[in-house]
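Some notes on the structure that comes next.
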Amino acid sequence: MQSWYVDQWQDRGLFLEATFTPFAFGAHWLRGAGAELVERLAAYDHLGVVGVHLSERSEGRVALTRGGRLRIAYRLRDDDAASLRYGIARAADLHFAAGAREVYPQVGQVAALAPGEQGDRVERARVRPAELRLAAFHPLGTARMAADPAAGVVGPDGEAHDVPGLYIADASILPTSLKVNPMLTIMACARRIAATLADRLA
Ligand SMILES: Cc1cc2nc3c(=O)[nH]c(=O)nc-3n(C[C@H](O)[C@H](O)[C@H](O)COP(=O)(O)OP(=O)(O)OC[C@H]3O[C@@H](n4cnc5c(N)ncnc54)[C@H](O)[C@@H]3O)c2cc1C
């Protein structure tokens with residue numbers, strides 16, 4: 001399903017990728033309600049999807065509240081939001097170049113774009129970061145790997161610095177965004193940590 005990609009704007013942290021989503025998972029991205037939505041759903045087999053991936057500089061925190069409850073916080077920076085709007089406008093360029101009649105940008109109140117509207121209505125529009133409809137497919141780095149305990153949660157062998165005997169071997173240990181789909185790298189890290197652990201237990 002990932003048939004092609006564009007890495008031309010990686011200096012902006014952007015990676016565009018064809019990622020078509022099946023109906024049950026992707027139909028909520030369409031805009032409109034009632035008869036208008038039904039019309040768009042009926043044309044689902046005419047839909048093309050471009051995923052606009054951002055390797056962002058924004059940061060979040062995973063922590064506990066005073067009452068001991070889990071608290072996850074994340075704030076998208078203005079410059080990252082601007083990069084996303086730039087990427088969405090370029091994705092619209094691609095769709096229109098391929099013959100699309102309308103594009104659904106997932107930006108603020110803009111339900112659909114007609115050819116040529118993406119510059120003013122997406123790229124240069126005054127849109128707050130919270131008005132972008134985003135999804136996190138590749139959350140990484142909540143328990144970063146670092147040799148220095150002050151810089152990360154686990155060491156190079158996956159063992160937690162603060163809790164001897166606790167090993168972490170999933171997406172959370174990657175220190176930073178990979179700028180590309182991470183599954184193979186996560187699997188390679190997990191395999192390496194598992195092998196180290198097996199040696200220690202042998
Ligand atoms: C829709 C979608 C499409 C994606 N497509 C791609 C792609 O094409 N290429 C790519 O490289 N990446 C893709 N990704 C990203 C990739 O799937 C993730 O980065 C990767 O799976 C993360 O691996 P993980 O081992 O950290 O976590 P997961 O794969 O999420 O594994 C966590 C496991 O822990 C289990 N679990 C959770 N809580 C408990 C508990 N309390 N007790 C026991 N088990 C528990 C869960 O059931 C799950 O099996 C996609 C992600 C999404 C959401």
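Where a number appears in this text, it was derived from the coordinates with a stated rule and is not lab data. Computed from a predicted structure; not experimentally measured. Neighbour counts are summed over all protein chains in view; Cβ atoms, including those assigned to glycine, are modelled from backbone coordinates with ideal geometry.
Of note:
- Checked against (1) surrounded by 14 or more Cβ atoms within 10 Å (Cβ to Cβ); (2) of a type in the set (Gly, Ala, Ser); (3) within 16 Å of the ligand (Cβ to nearest atom); (4) under 22 Å from residue 14 (Cα atoms), residue 143 passes all but a single condition, namely (4).
- Unique match (being assigned to a helix (DSSP H, G or I), without any contact (Cβ under 8 Å) to a residue 12 or more places away in the chain and of a type outside the set (Ser, Thr, Tyr)) among 147, 190, 195: 195
- For residue 185, the stated conditions hold: it is polar (S, T, N, Q), within 13 Å of the ligand (Cβ to nearest atom), without any contact (Cβ under 8 Å) to a residue 40 or more places away in the chain and surrounded by fewer than 17 Cβ atoms within 10 Å (Cβ to Cβ).
- Selection count where residues are buried (at least 17 other Cβ atoms within 10 Å of the Cβ) and without any contact (Cβ under 8 Å) to a residue 40 or more places away in the chain, scope the range 103-131: 11
- Within the range 21-44, the set of residues being under 22 Å from residue 108 (Cα atoms) and within 12 Å of the ligand (Cβ to nearest atom) comprises 21, 25, 26.
- The number of residues in the range 159-173 being surrounded by 14 or more Cβ atoms within 10 Å (Cβ to Cβ), more than 9 Å from the ligand (Cβ to nearest atom) and assigned to a loop (DSSP other than H, G, I, E, B) comes to 2.
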